[in-house]
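Input: a single structure, listed below in structure tokens.
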Amino acid sequence: MVQIAWLGKKSPFCGNVSYGLSTTEALRQRGHQTHFIHFDTPLSPERGATALLGNDPDVSLPYLVKSQVYTIPSLGAQRELRDSLERIKPDLVHASLTLSPLDFRLPELCQQLGVPLVATFHPAFDADAGLRNLSAGTQQLSYQLYAPFLARYDRVIVFSKLQADILIKLGVPAKTLSVIPNGVDTTRWSPAGPSSNALLQKTVRQRLGNERIFLYMGRLVTEKNVEALLRAWRLVSPEGCRLVVVGDGPLTSSLQNQFSDPQILWWGYEPDLETRIALLQCAEVFLLPSLVEGLSLALLEAMATGTACVATDAGADGEVLAGGAGIVMSTQGVTTQLRTLLPVLRDQPVLTAELGRRARERALERYTIGCNIDAMEKLYRDLLDDFRVAA
């Protein structure tokens with residue numbers, strides 16, 4: 001059993017947070033002791049200076065600002081983090097990096113405490129731009145900023161070889177990097193069957209209507225490039241099909257105003273996990289037109305439910321679907337590509353069924369939560385052995 005202090009950011013419907021919560025839960029199920037240290041308590045005069053929760057295995061750190069992208073901790077957060085690590089005395093610290101100033105102080109802090117430090121590095125990237133020109137695109141700035149500090153972590157987990165290549169090019173030692181893709185619970189995220197919630201399926205289906213469902217699920221932000229999908233949908237207007245947009249974000253109002261269409265259902269933010277599963281089970285095609293990604297959990301969840309997947313080659317998503325597990329588009333000219341693809345997908349339900357089967361097969365082969373945890377446990381064992389030898 002390994003005692004792990006996991007540092008992350010607790011916030012609903014955010015990719016790296018879903019990853020942290022599902023992974024820590026899976027580690028606990030395997031008998032490891034995990035303490036989740038997270039930014040979950042805004043600093044206020046009423047709550048005082050401390051955020052430690054007594055004997056609770058979770059520790060809440062105060063913050064001043066927290067968004068989907070970054071976190072600004074309060075002035076006392078670093079001291080509270082140190083105090084909590086001294087109290088917990090973990091075998092190792094695993095940071096699901098929160099794009100916070102604390103990320104840069106962790107190597108020094110853990111070195112002082114004599115505790116090995118692992119990081120999972122989530123930021124999205126444009127693989128082509130990253131390998132061609134490291135100064136291309138604002139998404140590369142986080143890689144340039146973090147690389148010198150990641151080089152001081154004992155191990156850094158990334159989701160794909162492409163992502164590792166970018167960091168190596170920026171000076172992170174190859175021996176520090178471990179490629180461990182995200183994993184999903186493929187028993188929960190699975191095609192509709194006897195074990196599915198029939199009543200929920202019926203309720204969701206009634207709201208969706210009788211059309212064949214093409215679905216986008218994720219945030220409505222610029223980097224997700226949903227506007228390109230909506231433009232293509234309006235141009236093609238595939239008969240007998242409905243586009244369902246699940247999610248929310250700063251672009252919601254403008255996109256809804258610009259693309260008001262009875263063939264488009266704006267589902268909105270869906271907090272309920274079982275309903276999200278039911279939506280994917282009802283969908284025939286999952287569409288992800290992103291300009292930048294890390295490794296999309298929504299894509300892996302769609303694959304696990306047996307939904308035909310169409311995604312760009314942003315981040316590691318193209319790598320996930322390569323070799324026939326789905327259709328991979330370039331991040332350039334997404335609307336033009338979808339204008340060609342949508343009629344084919346509309347007219348070839350046999351093709352979408354086969355793509356869904358292959359997607360599920362790929363998820364079972366490479367992207368289960370079990371595979372993810374197996375690799376994580378091996379990394380922990382090897383790192384702890386190295387520390388014992390060094391000591």
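Short to long, the 10 Å bins of the Cα pair-distance histogram for segment 220-327 hold 13, 46, 37, 3 percent of all pairs. Give the shape of segment 274-391 as rounded, prolate or oblate, defined through the alpha-carbon gyration tensor: a ≥ b ≥ c are the square roots of its eigenvalues, a/c under 1.5 means rounded, and otherwise the shape is prolate if a/b is larger than b/c and oblate if not. Prolate. Pairs of lysine residues in the chain that meet both criteria, 8 or more places apart or on different chains and Cα atoms under 14 Å apart, total 4.
The phi torsions of segment 254-262, fed into the Karplus equation with coefficients 6.51, -1.76 and 1.60 and a -60° offset, translate into couplings of 5, 5, 5, 5, 6, 10, 7, 7, x Hz, rounded to whole numbers, with Gly and Pro shown as x.
For segment 315-343, the residues whose amide N sits under 20 Å from a probe point set 7 Å from the Cα of Thr222 along the beta carbon direction are 315, 331-335.
For Gln29 and Asp261, the difference between the fully extended length at 0.36 nm per residue and the C-alpha to C-alpha distance is 78.9 nm.
Shape call for the chain from the C-alpha gyration tensor, a ≥ b ≥ c root eigenvalues: rounded (a/c under 1.5), prolate (a/b greater than b/c) or oblate? Prolate shape, in that a/c is at least 1.5 and a/b is the bigger ratio.
For Val184, the residues whose amide H sits under 5 Å from its own are Thr368, Ile369, ignoring neighbours fewer than 5 places away on the same chain, with H placed 1.01 Å from N. Distances between placed amide hydrogens fall under 5 Å for Ala119 paired with Ala95, Arg155, Val156, Ile157, all partners being 5 or more residues away or on another chain. Ranked by the mean number of other Cβ atoms within 10 Å of their residues, highest first, the peptides 81-92, 210-221, 111-122 come out as 210-221, 111-122, 81-92.
The convex hull drawn around the Cα atoms of segment 231-294, when projected onto a plane and averaged over every direction, covers 5.4 nm². Around the amide H of Asn225, modelled in the peptide plane, lie the amide H atoms of Leu291, all under 5 Å away and 5 or more residues distant in sequence or on another chain.
Each other residue within a Cβ distance under 11 Å of Pro116 adds +1 if Lys or Arg and -1 if Asp or Glu, for a net charge of -3. In the assembled protein chains, Thr186 presents an accessible area of approximately 20 Å² (probe radius 1.4 Å). Going by the alpha-carbon gyration tensor, a ≥ b ≥ c the square roots of its eigenvalues, is segment 152-271 rounded (a/c under 1.5) or, if a/c is not under 1.5, prolate (a/b greater than b/c) versus oblate? The shape class here is oblate. Applying a length cut-off of 18 Å (Cα extent along the axis) and a mean Kyte-Doolittle floor of -0.5 to the DSSP H helices of the chain leaves 15-29, 334-347, 369-390. Heavy-atom accessible area, probed at 1.4 angstrom with all protein chains present, ranks Glu293, Glu354, Glu361 as Glu361, Glu354, Glu293, highest first.
The values are calculated or read from the model by the stated rules, or taken from the named source; none is laboratory data. These numbers were taken from a predicted model, which means no experiment stands behind them. Counting neighbours? That spans all protein chains shown, and the Cβs are built from the backbone with ideal geometry, glycine included. In case anyone asks, the SASA skips ligands and DNA or RNA and just uses the protein heavy atoms, side chains included. Shrake-Rupley method; radii C 1.70, N 1.55, O 1.52, S 1.80 Å.
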